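The values are calculated or read from the model by the stated rules, or taken from the named source; none is laboratory data. Fair warning: this is a prediction, and the values are worked out from it, not measured in the lab. With ideal geometry, Cβ positions are generated from the backbone for all residues, glycine too; neighbour counts draw on all protein chains shown. Surface areas here come from the heavy atoms of the whole protein model, side chains and all, with no ligands, DNA or RNA. Shrake-Rupley method; radii C 1.70, N 1.55, O 1.52, S 1.80 Å.
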Amino acid sequence: LSMRAISGFPIAYARYISWHQYDLTEGGIGAFTWLKNVRDVLGMQVFIQAIKNTVVRTISVVVVELIVAFGLALLLNQPRLRFRSVYLCILLIPLLVSPIAVGLIWRLLLHPDLGAVNWVFGQIGLHGQEWLSTTSTAMPTVVGFDVWHETSLVMVVLLAGLASLPREPLEAARVDGANCFQILYTVTIPLMAPVILIAALIRMISAMKTYDLIYVLTSGGPGGATETISFRIWKIGFTNLNMGQAAAASILLLGAIMLLTLVLLSLIHISEPTRPY
């Protein structure tokens with residue numbers, strides 16, 4: 001009961017605030033406005049742009065991380081692989097470091113004039129880039145950093161799924177003469193479908209709520225090109241000091257996450273009976 005109260009009270013209070021005018025410059029919760037804050041938030045062009053950025057970033061990191069992590073998990077799951085524990089420890093290093101600390105380090109590495117990345121590019125005859133300062137490179141750079149930092153988590157989930165697969169279907173496919181790629185597409189991936197969807201769900205929720213990474217690397221710039229919904233909510237609440245609109249935007253984000261979670265959970269439920277054992 002106490003845990004439900006701890007988690008439920010902030011949500012209930014945020015919903016209450018979202019129905020009222022609440023400007024910190026005027027002090028206190030004001031008049032009841034019903035859904036006006038929601039309409040005002042959805043009418044903001046910057047919030048619509050933040051939604052687009054969040055969708056692009058979430059899809060990009062989830063797809064790329066699943067592909068890279070699945071490939072690494074397949075390699076680490078090889079029965080004759082030596083030094084598996086060493087490789088796993090090395091791959092887990094990015095995940096063990098705080099995203100704030102790693103973000104600050106990468107911000108220095110990507111500095112257009114003093115960064116090591118552009119220096120390496122210059123040594124091999126390539127032109128340096130304004131990695132975090134131009135609209136064409138800012139979002140891909142943020143996505144690339146997220147993939148570097150979070151792929152280890154997805155890899156661990158998928159590796160656990162691969163280790164728990166039953167051996168009978170795999171051995172039967174080998175007896176039937178299937179090669180490695182045929183076994184992968186016809187046996188391994190169908191068996192791994194629920195685990196893959198769970199990993200996608202975990203990363204989707206995390207990616208949609210991302211704030212710290214954006215704050216450290218780009219602060220939403222340049223020109224809002226990397227601004228996510230969470231960062232825009234922070235700006236509405238603590239820069240514009242409009243807590244009513246910030247609460248309304250938070251409820252919208254929560255509703256979107258819950259809806260997508262239900263969709264993925266239903267897909268996980270559907271995929272389970274298709275296992276061939």
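General observations
- Once Rg and the Kirkwood radius are both taken over the C-alpha atoms of segment 92-200, their ratio Rg/Rh works out to 1.18.
- Entry comment: accessible area of segment 1-114 is 68 Å² per residue, from protein heavy atoms only and a probe of 1.4 Å.
- Estimated from helices alone, the mean residue ellipticity of the chain at 222 nm is -23000 deg cm²/dmol (sum of -39500 (n - 2.57) over DSSP H runs with n ≥ 4, per residue).
- Karplus-based coupling profile of segment 162-176, in residue order and whole Hz: 5, 5, 9, 5, x, 7, 4, x, 5, 5, 5, 5, 5, 4, 6, with θ = phi - 60° in 6.51 cos²θ - 1.76 cosθ + 1.60 and x standing for Gly or Pro.
- The calculated pair-distance distribution of segment 96-151 uses every alpha carbon pair, bins of 5 angstrom beginning at 0, and gives 4, 19, 25, 26, 17, 6, 1 percent.
- Between Q182 and Q78, the contour length at 0.36 nm per residue exceeds the alpha carbon distance by 35.8 nm.
- Charge tally for D113 (other residues, Cβ to Cβ under 14 Å; Lys, Arg +1; Asp, Glu -1): 0.
- In order through segment 95-104: 3J(HN,Hα) via Karplus (6.51 cos²θ - 1.76 cosθ + 1.60), integer Hz, x for Gly, Pro: 5, 7, 9, 4, x, 5, 5, 5, x, 5
- Packing-based ranking of 195-203, 48-56 yields 195-203, 48-56, ordered from highest to lowest mean Cβ neighbour count within 10 Å.
- Structural descriptor for the chain: relative contact order 30 percent, calculated from alpha carbon pairs under 8 angstrom and at least 6 residues apart.
- Fully extending the segment from V97 to L265, taken as 0.36 nm per residue of separation minus the present Cα-Cα distance, adds 57.5 nm.
- Centroid-to-centroid separation of segment 23-92 and segment 172-242 [C-alpha atoms, Å]: 6 Å
- Under Stokes-Einstein, with the Kirkwood radius over Cα pairs as Rh, the value for the chain at 20 °C and 1.002 mPa s is 99 µm²/s.
- Along its three principal directions, the equivalent ellipsoid of segment 58-116 from the Cα gyration tensor extends over semi-axes of 28, 16, 11 Å, largest first.
- When E65, E130 are compared by accessible area of protein heavy atoms, the largest-first order is E130, E65, using a 1.4 Å probe.
- Of the solvent-accessible surface of segment 218-277, computed with a 1.4 Å probe and all protein chains present, 71% belongs to carbon and sulfur.
- Over every Cα atom in segment 1-149, the radius of gyration and the widest Cα-Cα span, Dmax, amount to 22.6, 68 Å.
- All distinct Cα pairs of segment 140-210 go into the 1/r average, and the inverse of that average, the Kirkwood radius, is 13.8 Å.
- The loop-placed chymotrypsin sites (Phe, Trp or Tyr not before Pro) in segment 1-59, going by DSSP, that have at most 12 neighbouring Cβ atoms within 10 Å of their Cβ come out as W34.
- For segment 80-224, the relative contact order works out to 31 percent when only alpha carbon pairs closer than 8 Å and six or more residues apart are counted.
- Cα shape, segment 141-277, gyration tensor, a/c 1.5 rule: prolate
- Computed over protein heavy atoms with a 1.4 Å probe, the carbon and sulfur contribution to the accessible area of segment 39-131 reaches 71%.
- Within-11-Å neighbourhood charge of I100 [Cβ basis; K, R +1; D, E -1]: 0
- For segment 140-190: accessible area per residue (Å², 1.4 Å): 51 Å²
- Protection proxy ranking of 131-141, 217-227, 171-181, 109-119, by the mean of other Cβ atoms within 10 Å over each peptide's residues and highest first, is 217-227, 131-141, 109-119, 171-181.
- A protection proxy built from the mean count of other Cβ atoms within 10 Å ranks the segments 260-268, 151-159, most packed first, as 151-159, 260-268.
- Nonlocal amide H pairs with H20, under 5 Å, H built at 1.01 Å: T33
- Extension gain, W148 back to D113 (0.36 nm per residue minus Cα-Cα distance, nm): 10.3 nm
- In terms of accessible area, using a 1.4 Å probe and ignoring ligands and nucleic acids, Y215, Y185 rank largest first as Y185, Y215.
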